[in-house]
Every structure is written in C-alpha cells, then in structure tokens.
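> Pasting a structure below so you can have a look.
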Amino acid sequence: MTCAVGRAACPRARVEGRWATVSPSLVPEAAVHIEPFLVEQWMNAHETTATWNIAETCVDSLTLDELLALSGDADGVVRRLRETWLGYGDIVGSPRLRAAIAALYGEGITPDHVLTANGAIGANFLALYALVEPGTTVVTVQPTYQQLFSVPASLGAEVRELRLREEDGYLPDPDAIRALTDERTDLIVLNNPNNPTGALIDEPLLREIVEVARERDAWLFCDEVYRMLEHEPGTTAPSVADLYEKGVSSGSMSKSYSLAGLRTGWVAGPREVIERCLDVRDYTTISGGVLDDALAAVALENKDRVLHRSLEIVRGNLAVVDAWIAREPRLRYIRPRAGTIALVRYDYDLPSVEFCQGLFDFNGAFVMPGAAFGEEHAFRLGYACARDVLEGGLAAVSAYLRTLEG
Ligand SMILES: Cc1ncc(COP(=O)(O)O)c(C=O)c1O
C-alpha cells in the first residue's frame, strides 16, 4: 500500500522513533462489550419501507446536481472531479477541506486542528476512543445520541448521566454536572444542539460548563452536528472548541449541510487530541474518499447558500409542526431552538415502542420511539424533510391518534 501523494503529505513521520515502543504481545485486559445502538437499529429496520419518513434527522438531502447548481460553477467543479486522482489522497483530509472546516470556528482552530472522518459517527468514535481512559468517570447528558455514552462505557469508563428535564427546557444545570464529577473525571460529553430535543445551550451557559470542566482539568467533548441550524435568525450555537483550551468538537456534512451521502465529518480541537485521533484513525480509516472530500469542500465554500436553503426548510417546517401540535391536545413539546428534530410527548397509555410500531403498521408513518433515548410516552420527530412528506406524515400520525381514542 504505497501512495506517493497522500503519504508524502501526511504527518505519518510522527510515528518514527515510537515504533520501538510497540509490543506485538500487548493483550487487552478485558473483552469490549458494546450495547446495541437503538436509534440506528430502529432506523435500519424501518427507513426503507416507510411511507412517511418523519424520523430522519438530516435536512432534506441535496442531489449532486443541486449541489453543483448551488456552487455557481457546475462546469468547473465537474471538470476538477473528472481530473481527480483516485488514490488515497490526503490522509488527514485535503488542505482545502480542512481550511473550509476550520473557517466554521474561531481563530484558534486552524486546518491543523481539524481531522476528517467517516461522518460525525466516525469523528465521535475517534475522539471518544482517543479521550476515554478505562477506570475514569465520564459525565454526559441524557437524552442524547447513544454513541456518546455507549462508546465510553464500552471502553471501560464509568459513565455518569445527567437526565435533562422537560421543565428545564432540556438544558443542563452546570452545578448538577459538577456534582457528578469526581477526581477521576477527565471527560465531560455534551451534544449541542441536542438530539433528540433540539435544545440549544447558549454561550453563557456553555461557559459555565467549561468552568466545571476546567476545575477538573477535564476534556469537554461536544457533538455539534446540528450547529448552524439555529432557528432564531442571527444566532449561532457556540462551539466548545472556541471556548475552552481542552474543548473538542465534532461536526459533519450530514445534517445542516444536507449531504449525508458524502460520509464526511470531522473532529476539531487541540493539536494533542488531533494527534491522538490520528493514532486511532490509522486503524479505521486510512483516508476519506477523495470525491467526498472534494464535494464537501465545494459545499462548505458555498456554505451561505447551502445553509440558507437548510434554514428555510427547518424554520418553515417548524411552523407547520407548531400548528399541528396546537391542534393535537394530547401532544406537547418544548419547541426546539435548533436542529432538525423535536421530542414530542403524548398523553396515551402506550409504551413508545408499541406506539411507534402501531403507527408504522397502521399507515407507514415512521417516527423514533422515545425509549431509544430512555424517554417514555414520547417520540422523536424529524421535521427537516420535504414539506409534502412532513405534512403527509403529520396527517398520518393524527389519523393514528384518532384510532387510539376509539
Ligand atoms: C447527534 C448525532 N451525532 C452524530 C450523528 C451521525 O451523523 P453522520 O451522518 O455525520 O455520521 C447523528 C446522526 O443522526 C447525530 O444525530
């Protein structure tokens, strides 16, 4: 496996001199056990056969033609793609893509503070694998994306969860996070904006959480895939990578940029973490796909246009959801402040898996059971799909609710 261009450009030389320390006889102390990923398994089971997919968390995805049109230079982009050398490419992500990602953060994040990965799911895995030490305590919030606590648990950390409450608007109390930490805590994990609630931690609150992490000299890792999809015009979710010297952020092209098919995400943070992630990534990734990398760079270089489309979809569709909730007296939600999803609570005497399966079987409307997040009598609604899918899906849920009312 040789690759003149990619390997020459990669910081692989860093391992020289460390090889002597690698022992072929290293034996893991315990077998790794990882919990089934409930959200992904429910998606896998239903998404291809759903009539009304209102479980999806991505903004209605773009076609390649639509992306080319948004770039304003379709011919130029296609010509460069056709000339692309189909080797491994830049191991850490192309300089062009990493520059475009770094531009999403403040000055402290340069292209050298960015590493690309296979979606945010790859980025999260890398960062957690790099940051979690067995025997430490990791503090996280619930509900959230299961990967953020199941991976640390699988790596031998004691995971302590702060349950976010409806009455607090699903926002974490920094003192409650502090109370969960101890001298073994070297990682706090957040997800902002939050999946599944759409809650948004604003900068003052995030700074308070940064202080808690700093008191423990802990890393603060935040999955920020829904960043840039804030509903209030002029608001941008703060990034932990900008606010804290030990802050590490993950992001991706999937949600806000409507390009999940590019399978491109990233870790952004201190150089030390990028180095640690590189050590892990050598085992999982080698490099991203060169065409994915090139197209992700095109999208981010035209992010204003891409995000304008995304924001029109999520803000317009959220108004539709608001009106629907207002018409359904046995449903309620805390209006999301960002992202593509909301946690809807229902007043029917049915566990959420039964509720959602019953709905799917009744008319093919597809939502995510709250049980996937440890939340009962609730489901997660994805509202960033095409408007006709959303309207059809909500009408299908209403029809199902009528059957529950006898
Ligand atoms: C919070 C969160 N993180 C990560 C991911 C994975 O995203 P990607 O498609 O970028 O791998 C998801 C997907 O639903 C998500 O909701």
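> Mind checking the log10 I(q)/I(0) for segment 86-302 at q = 0.08, 0.15, 0.16 Å⁻¹? Debye, one equal scatterer per Cα, no solvent, two decimals.
Debye curve over Cα of segment 86-302, log10 I(q)/I(0) at q = 0.08, 0.15, 0.16 Å⁻¹: -0.25, -0.91, -1.03.
> Go ahead and collect, in residue order, the members of segment 382-406 whose backbone nitrogen is under 19 Å from a label point 7 Å along the Cα-Cβ direction of D349.
So the set is 401-406.
> Let me ask something else. Before rounding to the nearest 500, sum -39500 (n - 2.57) across all DSSP H runs of length at least 4 in the chain and divide by the residue total; then give [θ] at 222 nm in deg cm²/dmol. Don't skip to the end; give the middle numbers.
Values: 15 runs with 166 residues, N = 406.
Computed mean residue ellipticity for the chain: -12500 deg cm²/dmol.
> Which of rounded, prolate, oblate describes segment 261-406, given a ≥ b ≥ c as roots of the alpha-carbon gyration tensor eigenvalues and a/c under 1.5 marking rounded, otherwise prolate only if a/b is larger than b/c?
Numbers: a/c = 2.61, a/b = 1.87, b/c = 1.39.
Cα axes put segment 261-406 in the prolate bin.
> Here is a further query. Which whole-number percentage describes the relative contact order of the chain, with Cα contacts under 8 Å and a sequence gap of 6 or more? Walk me through the numbers on the way to the answer.
On the way: 764 pairs, mean separation 92.8, N = 406.
Once divided by the residue count of the chain, the mean separation gives 23 percent.
> Grab the Cα-Cα distance for E35 and D175, subtract it from 0.36 nm times how many residues apart they are, and report the gain in nm with one decimal.
On the way: separation 140, 0.36 × 140 = 50.40 nm, distance 2.91 nm.
Contour length minus the Cα-Cα distance gives 47.5 nm.
> Under a point spin-label approximation (7 Å from Cα along Cα-to-Cβ), what is the E158-D279 distance to one decimal in nm?
Those two pseudo-labels are separated by 2.5 nm.
> Tell me the label-point distance for the pair D202, E66, using the 7 Å Cα-to-Cβ offset, in nm and rounded to one decimal.
3.2 nm
> Turning to a different aspect of this structure: Roughly how many Å is it from the Cα centre of segment 260-313 to that of segment 182-218, as a whole number?
Taking the Cα centre of each part, segment 260-313 and segment 182-218 sit 23 Å apart.
> Also, quick follow-up: Modelled label-to-label distance, A326 and R309, 7 Å Cα→beta-carbon offset: nm?
Roughly 3.0 nm, to one decimal.
> Further question: What is the helix-to-structure angle for 303-327, meaning the angle in degrees between its Cα long axis and the longest Cα principal axis of the chain, kept from 0 to 90 and rounded to the nearest 10?
30 degrees
> I would also like to ask the following. Just to confirm the number: angle between the C-alpha axis of helix 271-284 and the first principal axis of the chain, 0 to 90 degrees, nearest 10?
80 degrees
> Please say if the chain is rounded, prolate or oblate, where rounded means a/c under 1.5 for a ≥ b ≥ c the square roots of the C-alpha gyration tensor eigenvalues, and otherwise the choice is prolate for a/b larger than b/c and oblate otherwise?
Working: a/c = 1.76, a/b = 1.28, b/c = 1.38.
It comes out oblate by the Cα gyration axes.
> Give, in nm to one decimal, the length gained when the segment between L291 and E245 is fully stretched (0.36 nm per residue of separation minus the Cα-Cα distance).
On the way: separation 46, 0.36 × 46 = 16.56 nm, distance 3.29 nm.
Length difference between fully extended and current span is 13.3 nm.
> Same structure again: Looking only at segment 182-212, which residues have a backbone nitrogen under 16 Å from a spot 7 Å from the Cα of E47 in the C-beta direction?
The answer is 195-196.
> Report the local net charge at L262: Lys and Arg +1, Asp and Glu -1, summed over other residues whose C-beta lies under 11 Å from its C-beta.
Working: positive: R263; negative: D292, D293.
Net charge around L262: -1.
> Compute the Cα gyration tensor for segment 88-133, then decide on rounded, prolate or oblate, letting a ≥ b ≥ c be the square roots of its eigenvalues: rounded whenever a/c is under 1.5, prolate when a/b is larger than b/c in the other cases, and oblate in all that remain. Walk me through the numbers before you get to the answer.
Numbers: a/c = 2.17, a/b = 1.33, b/c = 1.63.
Oblate, because a/c is 1.5 or more while a/b does not exceed b/c.
> At a 10 Å Cβ-Cβ cut-off, how would you order T181, T235, T116, fewest neighbours first?
Working: T181 20, T235 13, T116 28.
Arranged by neighbour count, lowest to highest, T181, T235, T116 become T235, T181, T116.
We did not get these values from a lab; they are worked out from the coordinates using the rules stated. Keep in mind that what you see is a predicted model, and the values were worked out from it rather than measured. Every residue, glycine as well, gets a Cβ built from its backbone with ideal geometry; the counts of neighbours run over all protein chains shown.
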